[in-house]
Amino acid sequence: MLTINVYGDKILKQKAKKVLKVDQRTLQLIRDMLETMKESDGVGLAANQVGSRDSIIIADLSHVEGYEKSKPIVAINPEILSGEGKSTYEEGCLSLPGIRLNIERSEKIKLRFQDTDLNFHEENFDGLFGRVLQHEIDHLNGILLTDRISAEEKKNIEEDLDKILNREVELNYQISEL
Ligand code: NI
């Protein structure tokens, strides 16, 4: 299992780099990401959360009620082509342990991404899947949930953020952290 970077770690503020070739190292990274996400009971993970600048995200909702039949997705160089509608939902993040925030996002998205053979795909996602993917793509752009809330909301969680910064939190992961 890889170490998950948390709030304060610089790589979480850095933009990912486009993946131009998929080699053994890339495939190993993806396998390790899937394992790490599973072990942490997460539903999604971006490569910079585990220390890589590669533009790779993964999501797996198969352990979430109502999504049991969904397949895990590995998206390389993902890009949101369009978004439709708005919805607000309480999100968590493996990099922000213990914090949950209401975040407004598109209800539906059209996503372009590449698979591990670098073939292009365009797919529509909605519901929790669409939300998780938007959250993970934010990570690739160096954006955290704390960048999507008002100054006032941020003030309310200042103590919790300080605890993470000072590494005073226990990394107790719960289901549904993105
Ligand atoms: Ni996250």
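Points worth noting:
- Candidate set from the range 39-81 (those that are closer than 12 Å to Leu94 by Cβ and open to solvent by 30 Å² or more (accessible area, probe 1.4 Å)); member that is nearest to the ligand (Cβ to nearest atom): Asp41
- Residue within the range 125-144 that is surrounded by fewer than 21 Cβ atoms within 10 Å (Cβ to Cβ), assigned to a loop (DSSP other than H, G, I, E, B) and more than 16 Å from the ligand (Cβ to nearest atom) present: no
Quick grid of which residues meet (1) over 12 Å from the mean Cα position of the chain (by Cα); (2) of a type outside the set (D, E, K, R):
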| position | (1), (2) |
| --- | --- |
| Ser87 | yes, yes |
| Glu91 | no, no |
| Lys108 | yes, no |
| Glu168 | yes, no |
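- Any chance Ile109 is farther than 20 Å from Lys13 by Cα and either within 16 Å of the ligand (Cβ to nearest atom) or crowded, with 19+ Cβ neighbours inside 10 Å (or both): yes
- Condition check for Leu118 on (1) open to solvent by less than 20 Å² (accessible area, probe 1.4 Å); (2) more than 16 Å from the ligand (Cβ to nearest atom): one failure, at (1).
- Screening the range 7-38 for residues that are touching a His at 6+ places or on another chain (Cβ under 9 Å) and at pLDDT 95 or above and picking the one that is least open to solvent (accessible area, probe 1.4 Å) gives Leu12.
- When residues in the range 82-96 are screened for being more than 13 Å from the ligand (Cβ to nearest atom), of a type in the set (Asp, Glu) and in contact with a helix residue (DSSP H, G or I) (Cβ under 7 Å, 6 or more places away or on another chain), 0 of them pass.
- Of all residue pairs spaced 6 or more apart or on separate chains, those with beta-carbon atoms under 6 Å, a first member in the range 76-101 that is within 18 Å of Arg148 (Cα to Cα) and part of a strand (DSSP E or B) and a second member that is open to solvent by 80 Å² or more (accessible area, probe 1.4 Å) and within 13 Å of the ligand (Cβ to nearest atom) are Glu90/Arg100; Gly92/Arg100.
The values are calculated or read from the model by the stated rules, or taken from the named source; none is laboratory data. Every value quoted in this text rests on a predicted model; they were computed, and no experiment measured them. For neighbour counting, all protein chains shown are included, and Cβ atoms are generated from backbone atoms with ideal geometry for every residue, glycine included. Side chains are part of the model used for accessible areas, which takes the heavy atoms of the whole protein and leaves out ligands, DNA and RNA. Shrake-Rupley method; radii C 1.70, N 1.55, O 1.52, S 1.80 Å.
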